[in-house]
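Nothing in this text is a laboratory measurement; each read-out follows from the coordinates by a stated rule. Because the structure is a prediction, the values reported are computed rather than measured. As a convention, Cβ positions derive from the backbone with ideal geometry for all residues, glycine included, and neighbour counts pool all protein chains shown.
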Amino acid sequence: MIAFVVFLPLAGFLYCAFLGKLFGDRNAQLVTNILLFVSAILSWIIFFRYLGPTNTTTLQILNWMMSGTFSADWSLRVDALTATMLIVVTTVSACVHLYSIGYMNKDKSISRFMGYLSLFTFFMLMLVTSDNLLQMFFGWEGVGLTSYLLIGFWHHKESANKAAIKAFIVNRVGDFGFILGIAGIFFIFGSVQFDVIFDTASNYKNHTFNFLSFNLSTINTLCFLLFLGAMGKSAQLGLHTWLPDAMEGPTPVSALIHAATMVTAGVFMVARMSPLFEYAQFTNLFITFIGATTAIITASIALTQNDIKKVIAYSTCSQLGYMFFAAGLGAYNASIFHLTTHGFFKALLFLSAGSVIHAMHHEQDMRKMGGLFSKMPFTGTMMWIGSLAIIGFPYFSGYYSKESILENAYFASSNMGLYAYTVGIVTALLTAFYSWRLLFMTFHGTTRASNDTFHKAHESPKVMIVPLAFLSVGSIFSGIFLSDYFIGSKENDFWFVSLILSHNEYHLPFLQTLIIKLSVAFGVLSAALVYFYRKELANSLAQNLRPLYSLSFN
């Protein structure tokens, strides 16, 4: 079954590549969508099998590479972590494929686009099912290649070409560290197989090596190099600049990159390698610092953006920061939990934004929108659901996963944990502000669009609405459904041997819970005051706080 999940998207790409022109665009859309939906259904079947304690299973495809003492099989590894990633990747990708039928309806290269989407999905599935670091690197570079093709899909636009090249080059910086990390692991452990590395990691927890007269921890160094790769792929501070520019690609691409593929690869890699990172104390402190700092800085940048897609893009960087500082604190289950819920509500936000852009004749500037709820009530409702989820409104999906991350930060016995917790609360406030700013500027108040544009604005076709409805279900219910398995009483049975767990149950004191909720409420009310009730305040604040505004905007 796992082989079908992984290779059906590849079959979709091959169909588009070799038969797409022969049988036409409509058939390419039909074939790729059917294959992705079958893959998604099979993924959910596999996931439900892993809700109880289930051993890791491995399906060998072929003996891939052998040279001297080096050998690597091409095998598909399935455990609870893999099963979780499968449902996120295939479900979001299936929704994006269906949505693309309507969004790309008038494009001249529909077959090529659908093929690229399927290939992107295949490489991400190869990454998450990998049984060794070489195979993971194959998928890692594959998603990098296909992101280049998709970001620059509209290659007639110079801005799209520049964005694609920028994404490709910036990721190579991180990948250099990742390659060195893999080479170092093979040198130390004599293998790139996960089981060999994990089983012998404890033997090297005190191992050091001499470099320029300094004694360095071997595992800390290896994990630091691996994390450099994650920083590039998951757009963390310093290597984050490519992600907002990636908005030059078609909106379905943005949804796939930000919600289910590419940027989640770094978080997944750290979680997969948790038996090694467990012994890398310094690197974990660094991961926590980078994650928390990325979360607050990119959230502050999102406050002033006027491009609807860039607001959501910077929010992705910020939410990834949450995931990383959770991983740095050893809360890998909370990190993957937030990755899962984020996949649903971020895809919903991006596709809802795409629906707005589609209705506004490809206008992305929120200053030229407003009042669209009367024209697009369904899309507006979907954007509200996604926004409630991302701010962690009670009983929406983000509430459970973000609360879990903040709990782990609060109870971490380190100054870095306190830093992450404080930053996490401030970031929650900023998230609420920019999310409601987007809602008010786009859907409410009086319109700032031209009469002709506003008059012609309409709800998207059903083929674009149905995926939003699917994703809204995940945005609302995935948190409450999965919390018991991911972070609750059943976490040991669910994660079993796939993740290192801290085995601590945390419950925030009432005062801390109240502070988190009040920070979110303050962010929402501030946005309502500035962008709905007292609109003149926005310009006044921008003028009076010009240095801060310019720093955030640029």
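Here are some notes:
- About the Cα centre, charge dipole magnitude for segment 281-554 (Lys/Arg +1, Asp/Glu -1 at Cβ), debye: 840 debye
- Hz values of 3J(HN,Hα) by residue in segment 14-19 - Karplus curve (6.51, -1.76, 1.60), Gly and Pro given as x: 4, 4, 5, 5, 10, 10
- Rg over Rh, two decimals, segment 14-101 (C-alpha only, Kirkwood Rh): 1.11
- For segment 192-326, the relative contact order is 27 percent, taking Cα pairs closer than 8 Å that sit 6 or more residues apart in sequence and dividing their mean separation by the residue count.
- With 5 Å bins from 0: P(r) over segment 442-497, alpha-carbon pairs, percent: 4, 14, 12, 12, 12, 13, 8, 7, 7, 6, 5, 1
- Using the alpha-carbon positions of segment 370-434, Rg (one decimal) and Dmax (whole number) come out as 15.3, 51 Å.
- Largest to smallest principal axis extent of the C-alpha atoms in segment 1-148, angstrom: 51, 40, 22
- Counted charge near K21, where neighbours are those whose Cβ lies closer than 13 Å (Asp, Glu -1; Lys, Arg +1): +2
- Neighbour-count order for D73, D79, D199, D131, fewest beta carbons within 10 angstrom listed first: D199, D73, D79, D131
- Options N215, T261, F18, ranked by Cα towards positive dipole end of the chain, top entry (Cβ charges): F18
- 23 Å Cα-Cα threshold exceeded, pairs from K21/K108; K309/K456; K310/K456; K108/K375; K21/K310; K402/K517: K310/K456; K108/K375; K21/K310
- Computed over the alpha-carbon pairs of segment 281-554, the distance histogram in 10 Å steps reads 7, 29, 34, 20, 8, 1 percent, short to long.
- Only the Cβ atoms of Lys and Arg (+1) and of Asp and Glu (-1) were treated as charged; on that basis the dipole of segment 59-135 about its Cα centre amounts to roughly 380 debye.
- For the chain, the relative contact order is 15 percent, taking Cα pairs closer than 8 Å that sit 6 or more residues apart in sequence and dividing their mean separation by the residue count.
- Radius of gyration, Dmax [segment 110-194; alpha carbons; angstrom]: 15.1, 48
- Between S213 and V196, the modelled labels are 3.7 nm apart [label points 7 Å from Cα along Cα→Cβ].
- Alpha-carbon geometry of segment 290-443: the Rg and the Dmax are 15.6, 52 Å, given in that order.
- As a calculated quantity, the FRET efficiency between N161 and R26 at R0 = 30 Å, using C-beta atoms, amounts to about 0.55.
- Dipole of the chain computed with +1 at Lys/Arg Cβ and -1 at Asp/Glu Cβ about the Cα centre; of Y50, S315, S483, farthest Cα towards the positive end is S315.
- Gyration tensor analysis over the Cα atoms of segment 1-49 returns equivalent ellipsoid semi-axes of 25, 10, 4 Å (largest first, whole Å).
- Computed from the C-beta positions of W64 and L145 and an R0 of 22 Å, the FRET efficiency is 0.70 to the nearest 0.05.
- Ranked by the mean number of other Cβ atoms within 10 Å of their residues, highest first, the peptides 339-348, 407-416 come out as 339-348, 407-416.
- Segment 166-220: projected area of the alpha-carbon convex hull, averaged over directions, in nm²: 4.9 nm²
- In order along segment 427-438, phi translates into HN-Hα couplings of 5, 4, 5, 4, 4, 4, 5, 5, 5, 6, 4, 4 Hz, rounded to whole numbers, per the Karplus curve 6.51 cos²θ - 1.76 cosθ + 1.60 with θ = phi - 60° and x for Gly and Pro.
- Over segment 2-109, relative contact order from alpha-carbon pairs under 8 Å, at least 6 apart, %: 29 percent
- Normalised convex hull volume, segment 208-324, alpha-carbon set, Å³ per residue: 94 Å³
- For the chain, the spread of Cα positions along the three principal axes, ordered from largest to smallest, is 71, 63, 46 Å.
- Scattering curve values for segment 296-371, log₁₀ I(q)/I(0), Debye with Cα scatterers, q = 0.23, 0.26 Å⁻¹: -1.02, -1.15
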